Amino acid sequence: MNLFTQAIFSGLMTGAVYALLGVGLVLVYRTARVLNLAHGEAFAMSGIFMALLLAWSVPFYLAIVIAVGASVLLAMGLHRFILRPRGNWPPGTLILITLGAAFVARGVMILLVGTDPVSFPAIFDGDPIRFAGGAITLQGIVLVVFGFSAAAAIGIFLTRTQTGKQMLATAENPYAAELVGVDVERSRLIAYGIGGLYSALAGILLIPLIAVDFQSGLSMTMRGFIAAAISGMSPTGVLLSGFGLGLFESMIGAYLGALVQDPVMFAILILVALWQSRNVRFGGGVRA
Amino acid sequence: MTLRALAVAAACIITVVLPYLDILPGWTPALATVSAFMALSLIGLNLVFGVTGMLAFGQAAFVALPGYLAGVVQGFGAPFLLAIALGLAGSVLVARLMAAIFVRLPGIYFAIGTLGFAFVIEGVARALPTITGGASGLVLEAPFALTRNAWYAVAAAALALGIWSFAWLARGRFLRTMKLVRHDELAARVVGIDVVRLKTHVFTIASAYSGIGGILMAYHVGVVAPENGGVNASLEALAMVVIGGGGAVFGPVLGTALVQWLFAISSEADRYELLIYGLGFLLVVLYLPGGLVDGLRKIWNIVAPLPQASVTAPILTGQLPKLLPVAAVPTADGPGSVCLGVKKVAKHFGGLHAVDEVSFDVRFGQIVALIGPNGAGKSTLFNLISGIERPTAGRILLRDRDMAGVSIHQRGADIGRSFQVPRLVPNLTVIENIMSRLDHLPNFMNERDKEATARAQLAAFNLSQLADLLLNQIGIGQHKLIELARASIGSPALLLLDEPAVGFTALEVDRLVELLQMLRSQGRAILIVEHNVDFVARIADEIIVMEGGRVIGHDKPAAIMSNAAVQRAYLGALI
């Protein structure tokens, strides 16, 4: 077994998840101008729902549909029923509301399955495929391919479709977009929907390979944010930064131990912050 | 007021002896002790989050960190008091470093950064069992043993001291500054506040409160565990502050006591604990943003209503009193010498030349007006002069001093600025809005002098009857004038007024003309952006016409009005 190859494989898998999470976070941040701290909860929720539904002997594929659907609806509901009616509230308060939503989601997950990690079987079985001294499961390959193509598809969606272009316009200037007839609220709702969908699918694909507990959501939100921040909140650039972050984290985990991953992530965040500070106009902070 | 003070005093005494009265089931001295230490640590979060509005989402890290540091230092054989001092100092230092990194950036970085730090503290504490005791926590030993009652006395005294110092801190100048920064950072900078430095200080001071509460609690319990510094603990801390009332002196105390008591009396709450915290937090944020303290205040106002302030507001009519004889601009700059020099200034946004090779002077005792169609570069030029934008090329001189590298807040004393849409603080009174500029001028004034100066300024602007009303009780029509009063107080050398006459009636414009003439006669240099050409022609000594980022005319009003090129470019569109 080759440690390096194995680290690459697991890095590609987590990288795919970070790219999927990052894309949704960026879409929501750019169109609705809210950093959704409950973003990663769709990831955790989908896994918790899956485990719960399977325990109730719901058929496997139906369970996937319900788990993903519920996560997407929760993400869209957060926007439609809680954030959108308060669109004129200060951004800080809106972030606080998303944190409150994440907080409630954590409480609900404890109530549903307790504090211990849960998991469920993979969609794609089969023996791990051995390659260059490493092993990767079929599910892992599907995750990497799906993560890459789904995150890349966003770029095409935004530039080639009517809905995508409307979302870009909303991100650029919501008032101007509204004036030329773009349904800004629809764009935002779609952004939340895509965010929820990608997070939930990432959860369905990754969680069988690891596990999930009530704490996973915020940790995933943070990693998605770091990937997004490295790319400068770019919906296409986050594909690369997500995979890069996943690979780096996996290397650190392989060579230095899994327990230093949080501090290393934090160190990356500090580096990103210092790098971004360069762009802040002198005097710092807000723009006119 | 005395009734209120009496009620507060009585409430304090009852609160202190409550655990011994056996009235409230479950509220024992032990629980009260723990709650008091917790509330003390939450004062820090209240300062940074409740008062200042910074999104400190990982504050528990600074509650647990000093305990860990002290324990580790003690393990190396350091004496008890030294260990505590080192633990606190180390934690405060870390907070200071964090602030230096994250405060400069938009709030989302600070939110994620603080949250991430809580992950780090909890993760490291678990990862290094030989140093930190791992998951079971680090045992802390004090060289003395206190009885239960002694611990309660310590806790009550420490909390009282904490509340008192917080109340002493969060008032007057500091509170005005915080409300201004929280509501509008840009306006705060223009008034002269170094927002980054201020937020760094606040976060550092807050970490000291968190640390003192945390370390007392750690030695009281005898152990500090990884989850004390983690994300859940941070979220619960936020919930207690929000539920009690963010920003209010007694908010964290009330929130902590209520939540801790509820969990103590309800059995089998463990499973529901996080959900209850979460729901309480979310519901309060959504429906009672001021928390329980605000709810109680509303009830109190029904019980003992304040006399309703009457809002009469026919301003700018009748005789205008004299402006106060403000100590005018320093004598070295006599009237006629150059105050503001704009030398070949350019500002490019990518390929767009918003301002292109613009040069002009504004002298003391002179009103210069900038006119031109929308997009001519007037606002960009204002932003360049006030330091919000940095010029691509050229120099800006203020009293012969090059402004390159002088940040917005450092220009605050010399430049008084008003905005197109006034940027005042709605939850401050008019007088406090005016005083908030005096707070940040270089020469020190005590609170009484500031208030007297601000009142005199309001009298001069014929706004006295509005002085003690909250800004959000006053119609938007008066905001323009209040902002002018704020901009011109404290004798700034240069006034930058962005469309001062917009929305005024003809009569009001007449009064504004008188006001500006008086300000000019005091020797101020005044630069105005304005679309009302009649007003400009009446008041300005010189008019500068801009189009497409360039100056296309600069002359006396009469000459500008008859200039063919200017008429074609700008006035032609209007007349």
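Remarks
- Put simply, the amide H of B:His554, placed in the peptide plane, has neighbours under 5 Å in B:Val545, leaving out anything fewer than 5 places away on its chain.
- Count of Lys pairs (Cα-Cα under 26 Å; at least 8 positions apart or interchain) in chain B: 15
- Scaled against 2.2 N^0.38 Å for its residue count N, the alpha carbon radius of gyration of region B:32-242 is 1.01.
- Taking every C-alpha pair closer than 8 Å and separated by at least 6 residues, the mean separation divided by the residue count of region B:32-242 gives a relative contact order of 47 percent.
- Part-to-part distance (alpha-carbon centres) for region B:68-107 and region A:1-21, which is given in Å: 36
- Rg ratio for region A:101-246: its Cα radius of gyration over 2.2 N^0.38 Å, N being its residue count, equals 1.23.
- Kirkwood hydrodynamic radius of chain A, Cα pairs, Å: 19.4
- For the protein assembly as shown, the spherically averaged projection of the C-alpha convex hull amounts to 41.0 nm².
- D_trans [Stokes-Einstein, Kirkwood Rh over alpha-carbon pairs] for region A:107-190, 37 °C, 0.692 mPa s, µm² s⁻¹: 195
- Fraction of alpha-carbon pairs over 15 Å apart in region A:146-218 - percent: 62
- Taking every residue in B:229-236 and counting other chain Cβ atoms within 10 Å of its Cβ, the average works out to 3.
- Per residue, the convex hull spanned by the alpha carbons of region B:18-98 comes to 126 Å³.
- Summed over qualifying helices (DSSP H, 4 residues or more, each -39500 (n - 2.57)) and divided by its residue number, the protein assembly as shown shows a 222 nm mean residue ellipticity of -19000 deg cm²/dmol.
- Taking every C-alpha pair closer than 8 Å and separated by at least 6 residues, the mean separation divided by the residue count of chain B gives a relative contact order of 16 percent.
- Longest exposed-site-free window of chain B, the sites being chymotrypsin sites (Phe, Trp or Tyr not before Pro) in a DSSP loop that have at most 12 other C-beta atoms within 10 Å: B:145-443
- Ranking of B:Met178, A:Met76 by count of other Cβ atoms within 10 Å, fewest first: A:Met76, B:Met178
- Test item: A:213-222 mean partner chain Cβ contacts at 10 Å: 3
- Shielding of A:106-116 by partner chains, average beta-carbon count, 10 Å: 4
- Selection of chymotrypsin sites (Phe, Trp or Tyr not before Pro), region A:119-148, meeting DSSP coil and at most 16 other Cβ within 10 Å: A:Phe124
- The relative contact order of region B:424-491, computed from alpha carbon pairs under 8 Å that lie at least 6 residues apart in sequence, is 51 percent.
- Residue order for B:Thr505, B:Thr429, fewest other beta carbons within 10 angstrom first, comes to B:Thr505, B:Thr429.
- Distance cut-off 29 Å, percentage of C-alpha pairs in chain B lying past it: 61
- In plain terms, the residue of A:Val68, A:Val26 with the fewest other Cβ atoms within 10 Å comes first and the most crowded comes last, giving A:Val68, A:Val26.
- Given 14 as the ceiling on other Cβ atoms within 10 Å, longest exposed-site-free region of chain A for trypsin sites (Lys or Arg not before Pro) in DSSP loops: A:34-277
- Counting every alpha-carbon pair across region B:424-491, the share separated by more than 13 Å comes to 57%.
- Inverse mean reciprocal Cα-Cα distance (Kirkwood Rh) of region A:174-255, Å: 14.9
- Exposed trypsin sites (Lys or Arg not before Pro) absent - longest run of chain B, DSSP non-H/G/I/E/B, at most 14 other C-beta within 10 Å: B:323-575
Just so you know, all these numbers are worked out from the coordinates, no wet-lab data involved. Everything numeric here is computed off the predicted structure, so don't read it as measured data. Note: ideal-geometry Cβ built from the backbone for every residue, glycine included; neighbour counts use all protein chains shown.
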